[in-house]
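Taking it in order: structure first as structure tokens, then the write-up.
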Amino acid sequence: MVFGGFAAASLAARIDDAKPALMVTADGGSRMGKPILYKSLVDESLRIAEHPPKHVLIFRRGLDPQMPVTAGRDVDWKEMSQQHAGAQVPCTWLESSEPSYILYTSGTTGKPKGVQRDVGGHAVAMAASMRHIFCGHPGETMFTTSDIGWVVGHSYIIYGPLIAGMTSILYEGVPVRPDPGVWWKIVQDHKVSVMFSAPTAVRVLKKSDPAWLKKYDLSSLRHLFLAGEPLDEPTHQWISEGLGKPVIDHYWQTETGWPVLSAMPGVEKTPIKFGSPSFPVYGYDLKLLRESDASEAGDDEKAVVVIEPPLPPGCMTTIWGDDERFVKTYFSTFSKKQVYTTFDWGIRDRDGYYFILGRTDDVINVAGHRLGTREIEEAVNMHPAIAECAVVGVADPLKGQLPMAFAVVRDAALVADPAARMKLEGEIMKTVDQQLGAIGRPGRVFFVTLLPKTRSGKVLRRSIAALAEGRDPGDLTTIEDPASLEQIRNALSSTQTKGNP
Ligand code: AMP
């Protein structure tokens, strides 16, 4: 499954890695009432890919009346279902450790990783978490407002509720259209008992009248779960009080497939602390290790969140087609200890509650969508005017983080005046749209003639991000050329005052 918002080049990279036998797509999707055509994007990705599948099965929603069809390759869903109506298809029995699915996720390199999950462990984790964390019972309804192209959708739109014998609602739309009550109307009309969403959606709702939260009958709703990015305390409090229901922040990753930190109301009712995803879930031997020497951190001390192997059932079993990369990526952070790294910073307070403080690597989280800054950098670098660039995540009140690009132009004349800068900025954004998809588009592109780097040539992304957020750039003893930081400062202030888009 691939998220529909990716551009053809990103889709082609995933096709070449997965080497699928068959591709299934709709003719299009819809966003804010506007059709987004998928088929032409799929065609373009298959043209670029080196390992295109032999057939593409297409479900026509009538969103693309002029949809191009390739004879012999494209197959129509409705025709096929008529042809095979009533066919008896036996179950295929698999070993519990055989792969069930691959889901691509971003890391520090530009090449996405195919997270591979097994069959048996995955089913066990889904069934257990539906009972002990989400408290969803057979015959009830679950509403997860994610996209099935992200792990939350895989686990808790599809597998989790269906394994638990629940009805699952798939909803295509945004929380404020046609009005900010649309989700709560769904809860009322379908008697939803478990709901799962993301902090970014709640922050969008927070901009509208809280009366919308009270307009519909929410008596069926037991809990609202939120995950995917840090849930700030004010947002947590606002939604809890507005709904008058327990709102449970829980923390996990594509790699784990189910919650790592969460309250477990199906086991024990523990008080919720705003801003905390509570405690480690059973199965996870969670530790907070000091970055310097892998020793265990004390209370209230910021450290790296790791899991002592073995990982519990449901977690990734390897990276598709690359076992070595699996070990190297996830189990090699500390030379002294072979532990699974989450690449997140965290702290534990005196009461044992955990708080997640953001990533230790160059992964950013835009409106709950995980993106590697390297992927965006590679897309920016595709523009012929750009020699190199650094992309960093900068705090954003609505989306959590926004990517910002700092680009070195090959010819300074190209950015000599504000009009030229604006033109090039627009072109670069378009390039990212085409290469990666609009989801990776930088909020701003700033132009400089050199990037701050260490003497060994590593771009100081943490320092750039700090400057962009108005913070101290940190330890700069290893910087090659301090003037580069001045350039970042100047770019940030001058472009802002000139009012670029
Ligand atoms: P993804 O693999 O796309 O689900 O992204 C996983 C990353 O999102 C984690 O490594 C965290 O950085 C972040 N994340 C997910 N849930 C939470 C949460 N409840 N609180 C803080 N960060 C979270």
Mean Cβ-within-10 Å packing, highest first, puts peptides 377-390, 235-248 in the order 377-390, 235-248
HN-Hα couplings for region 118-133 via Karplus (6.51, -1.76, 1.60; θ = phi - 60°), in whole Hz with x for Gly/Pro, come out as 8, 9, x, x, 4, 5, 5, 5, 5, 4, 5, 5, 4, 7, 8, 9
Once His190 and His51 are pulled to full extension, the length gained, defined as 0.36 nm per residue separation minus their Cα-Cα distance, is 45.8 nm
With DSSP loop assignment and no more than 10 other C-beta atoms within 10 Å, the GluC sites (Glu not before Pro) in region 1-93 are Glu50
Computed over the Cα atoms of region 236-298, the Rg and Dmax in Å are 14.2, 45
From the cross-link list Lys19/Lys206; Lys287/Lys399; Lys78/Lys111; Lys185/Lys269; Lys19/Lys78; Lys78/Lys206, the entries with a Cα-Cα span beyond 32 Å are Lys19/Lys206; Lys78/Lys111; Lys78/Lys206
Yeah, region 359-470 with a ≥ b ≥ c from its alpha-carbon gyration tensor (a/c under 1.5 is rounded, else prolate when a/b outruns b/c, oblate otherwise) is oblate
Filtered hits (aspartates and glutamates, Cα-Cα < 15 Å from Lys423, offset >= 8 within chain) -> Asp411
Residue by residue through region 344-356, the couplings from Karplus 6.51 cos²θ - 1.76 cosθ + 1.60 with θ = phi - 60°, in Hz, x for Gly and Pro, are 10, 8, x, 9, 10, 8, 5, 8, x, 7, 9, 9, 9
Of all DSSP beta bridges with both partners in the chain, the antiparallel percent, nearest 5, is 65
The long-range amide H neighbours of Phe225, using H built 1.01 Å from N in the peptide plane and a cut-off of under 5 Å, are Met195, Phe196, Ser197, Ile248
Cα extents of the chain along the principal axes, largest first, in whole Å, come to 68, 64, 51
Given unit charges at Cβ for Lys, Arg (+) and Asp, Glu (-), the dipole magnitude of region 84-145 about its Cα centre in debye, nearest 20, is 240
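Please work out the ratio of the alpha-carbon Rg of region 1-157 to 2.2 N^0.38 Å and round it to two decimals.
1.18
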To the nearest 0.05, the calculated FRET efficiency linking Ala71 and Asp411 through their beta-carbon distance, R0 being 41 Å, is 0.30
In nanometres, the difference between 0.36 nm per residue of separation and the alpha-carbon distance of Lys430 and Glu324 is 34.6 nm
Any aspartates and glutamates whose Cα falls less than 16 Å from that of Lys215, other than same-chain ones fewer than 8 residues away, would be Asp179, Asp189, Glu241
Of the convex hull enclosing the alpha-carbon atoms of region 201-281, the direction-averaged projected area in nm² is 5.7
Between Lys19 and Val89, the two model label points (7 Å from Cα along the beta-carbon direction) sit apart by a distance in nm of 2.4
Listed by chain and number, the residues whose amide H is under 5 Å from that of Tyr101, excluding neighbours fewer than 5 places away on the same chain and using placed H, are Arg117
When Phe279, Phe134 are ranked with the fewest other C-beta atoms within 10 Å first, the list becomes Phe279, Phe134
With label points set 7 Å from each Cα along the Cα-to-Cβ direction at Thr167 and Ala419, the distance between them in nm comes to 6.0
In whole µm²/s, the translational diffusion coefficient that Stokes-Einstein assigns to region 249-348, given a Kirkwood hydrodynamic radius over C-alpha pairs, 25 °C and 0.890 mPa s, equals 170
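No value in this document is a laboratory result; all are computed from the given coordinates. Predicted, not measured: the structure shown is a model, and the values here were computed from it. Backbone-built Cβ (ideal geometry, glycine too); neighbour counts: all protein chains shown.
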